[in-house]
Number of protein chains: 2
Amino acid sequence: MTRPVVGFIGLGIMGRPMALNIRNAGYELHVYARRAESMQPLADAGAIPSDSPAAVAQAADVVFIMVSDTPDVESVLFGELGVASAAKAGQIVVDMSTISPVNTRDMAARLAALDIDMLDAPVSGGEVGAIAGTLSIMVGGNAAVFARVQPLFGVMGGNIVHIGDHGCGQVAKACNQITVAGAIAAVAEAMLFARKNGTDPYKVREALLGGFAGSKILEVHGKRMLDHNFQPGFKTALHQKDMDIVLDTARQIGLALPTSAMVAQFLNALVGSGDGELDSSAIVKVIEKMSQ
Amino acid sequence: MTRPVVGFIGLGIMGRPMALNIRNAGYELHVYARRAESMQPLADAGAIPSDSPAAVAQAADVVFIMVSDTPDVESVLFGELGVASAAKAGQIVVDMSTISPVNTRDMAARLAALDIDMLDAPVSGGEVGAIAGTLSIMVGGNAAVFARVQPLFGVMGGNIVHIGDHGCGQVAKACNQITVAGAIAAVAEAMLFARKNGTDPYKVREALLGGFAGSKILEVHGKRMLDHNFQPGFKTALHQKDMDIVLDTARQIGLALPTSAMVAQFLNALVGSGDGELDSSAIVKVIEKMSQ
């Protein structure tokens, strides 16, 4: 596959800059988004707008999908005028959305029956990473297929890891969200503990950064908490959705995750308070409010 | 104070190498430990063994204390033949134990009434840092007193921060333990989630280290969890004691810390299972056991 024709479905905050990076790397690019106006910036850059996922699939060798949640991916693939309806044997579908690992395995099996290879390749690094082309990409699926898509991943991301078979990319992304959510809650409680004890939390954060408590979350999200600057970053509503995936998957495989379950409640509370659009480091607001 | 005479009370796993570093820097050093045999290695290095905290206080300008818990510090200071009973105006007491910030403020006030300056200066970095003289030291108390003790701190530690007034060092240390405990629980749940989903947790850890989930805990303690190597490190029983301080202080000031409270339960469970001597990253064992 020296010069594949590329398709990209889903042109939101993440999908748009990712697709633009592919187009700017010189690939023929066919795009689809539910709202026609979302396709305009891509069309301006020379991409070809399509009127359905099926039309994208008809034109492209590799089809990327970047939508919100599991049902969205299912509808793009298997809905009316979905990708599967225009299936060509040997085609590759790469789902970069963050969705359920269990459903991912099911979808990969359904596509395999049509002779279509699927990769799950969720990302982290946010809008900033999407624009800069420095996303972390965690990939599940066949290693040979991964190798063929690698040059395209390289246009969108920096730290690209093939984790394992179908679903393993989604599992790694879920682990990322578990770790980040728990770390945010712990840093939030530490910063509140310092302040309520009359101790300068900025100095505490500084002192802690060099030791075992040191983390990217203490550095970046700890600062956001102390500055009360909850501009995303990563929106609470999306972190809530990702923790739904974590806890739903854990329930299906019979695994108790008490810390994750508790932190998910903080996200629920934030969304319930109308703060779903804030960065998820706003968890500190929920914990603070409890004692006010 | 160009060449103070130094005292050191408490010569356990941490205190012994810290006192040795002071002696090896050429200071006249008077030591006391409850068990006489603990003083032998120091005596071999030229330190002078004493038979009570009072005897150390009589000889020294600056008295360091490194014992287990709040009641131990209270007894060293105010018990029979305690430091306070041999009080000399202008003397400095530096408590490097990890104890309650509230009680620390009380003790500092009682010593101030005797014209003795107190610093609270708990450390992190463990036995390895104590031996190497690279401990992080978080200091509370008067800034001028801190400046006078700084050369001695420099012999024991690397990252030395004056956080604020009396108790602020203990508050910073408590924040450290909150952050580390929460991060361990989150990393534990992520590693279990990966493994139970048939995904290589080593690869997940590797993929996550470069992004927002990256932390010293994921790097060091995550590896310990995957290798099932729970050699301390930092003992569960001590982390439990530190979380008792956190939650007791939080109760006194009326602050809810739900994540810390839950993680403290994991530490209780570990100690209850006879695993109190393991590194506290063994929290992963408790969470794993719940679903077995």
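Only the coordinates and a few stated rules stand behind these numbers; no lab work does. Since we're looking at a predicted model, the values are computed, not measured. Don't worry about glycine lacking a Cβ; one is built from the backbone with ideal geometry, like all the others, and counts go over all protein chains shown.
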(request) Calculate the mean, over all residues of peptide A:276-288, of how many other protein chain Cβ atoms lie within 10 angstrom of the residue's Cβ. (result) 1
(request) Once the label point is placed 7 Å from Cα along Cβ, list for A:Asp44 the distances to the corresponding points in the other copies, in nm, shortest first. (result) 7.6
(request) Name the residue, out of A:Phe64, A:Phe193, A:Phe146, whose mean-square fluctuation peaks in a Gaussian network model built on chain A with Cα pairs under 10 Å. (result) A:Phe193
(request) Give, as a single signed number, the net charge of other residues whose beta carbon lies under 9 Å from the beta carbon of B:Val284, with Lys and Arg counted +1 and Asp and Glu -1. (result) 0
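Per-residue mean of other chain beta-carbon atoms within 10 angstrom of the beta-carbon, peptide A:162-169? Walk me through the numbers on the way to the answer.
On the way: counts 2, 7, 7, 2, 0, 3, 8, 2.
Averaged over the peptide's residues, the number is 4.
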(request) For chain B, calculate the relative contact order in percent as a whole number, restricting contacts to Cα pairs under 8 Å that are 6 or more residues apart. (result) 13 percent
(message) Please find, among residues of chain A, the one with the beta carbon closest to the rotation axis relating it to chain B, distance in whole Å.
(response) A:Ser215, 2
(request) In Å and from the alpha-carbon atoms only, list the Rg and Dmax of chain B. (result) 20.3, 66
(request) Just rank B:Glu37, A:Glu127, A:Glu74, fewest to most, by other beta-carbon atoms within 10 angstrom. (result) B:Glu37, A:Glu127, A:Glu74
(request) Report the residue, chosen from B:Val62, B:Val83, B:Val271, that carries the largest GNM mean-square fluctuation when chain B is represented by alpha-carbon nodes joined by springs under 10 Å. (result) B:Val271
(request) Rounding to the nearest 20 debye, state how big the charge dipole of the protein assembly as shown is about its Cα centre with +1 on each Lys and Arg Cβ and -1 on each Asp and Glu Cβ. (result) 320 debye
(request) Counting other beta carbons within 10 Å of each Cβ, put B:Arg35, B:Arg224 in order, fewest first. (result) B:Arg35, B:Arg224
(request) Provide a whole-number value for the mean count of partner chain Cβ atoms within 10 Å of the Cβ atoms in peptide B:113-125. (result) 1
(message) Within chain A, which whole H helices from DSSP have a Cα span along their axis of at least 15 Å and a mean Kyte-Doolittle hydropathy of 0.0 or more, if any?
(response) A:143-156, A:168-196, A:258-272
(message) Using only DSSP helix segments of four residues or longer, with each worth -39500 (n - 2.57), what per-residue ellipticity at 222 nm results for chain A after dividing by its residue count and rounding to 500?
(response) -15500 deg cm²/dmol
(message) Could you tell me the center-to-center distance, by alpha carbons, between region B:10-43 and region A:65-100 in angstrom?
(response) 67 Å
(message) Which one, A:Val263, A:Val187, A:Val204, has the greatest fluctuation when you compute a Gaussian network model over chain A with C-alpha springs under 10 angstrom?
(response) A:Val204
(request) Taking H placed 1.01 Å from N in the peptide plane, check which residues at least 5 places from A:Leu119 or on another chain put their amide H under 5 Å from its amide H. (result) A:Val93, A:Val94, A:Asp95
(request) Report, ordered by chain and residue number, the lysines lying within cross-link reach of A:Lys235, taken as a straight Cα distance under 21 Å and ignoring same-chain residues fewer than 8 apart. (result) A:Lys173, A:Lys216, A:Lys223, A:Lys285, A:Lys289
(message) Order these by the 10 Å Cβ neighbour count, fewest first: B:Glu206, A:Glu80.
(response) A:Glu80, B:Glu206
(message) Please report, for A:Gln150, the nm distances (one decimal) from its label point, 7 Å out from Cα along the beta-carbon direction, to the equivalent points in the remaining copies, shortest first.
(response) 5.3
(request) Run through the other copies and list how far each one's label point is from that of A:Pro258, in nm with one decimal, shortest first; the point sits 7 Å from Cα along Cα-Cβ. (result) 1.5
(request) Could you tally the net charge around B:Ile99, taking each other residue with its Cβ under 10 Å from the Cβ of B:Ile99, Lys/Arg +1 and Asp/Glu -1? (result) -4
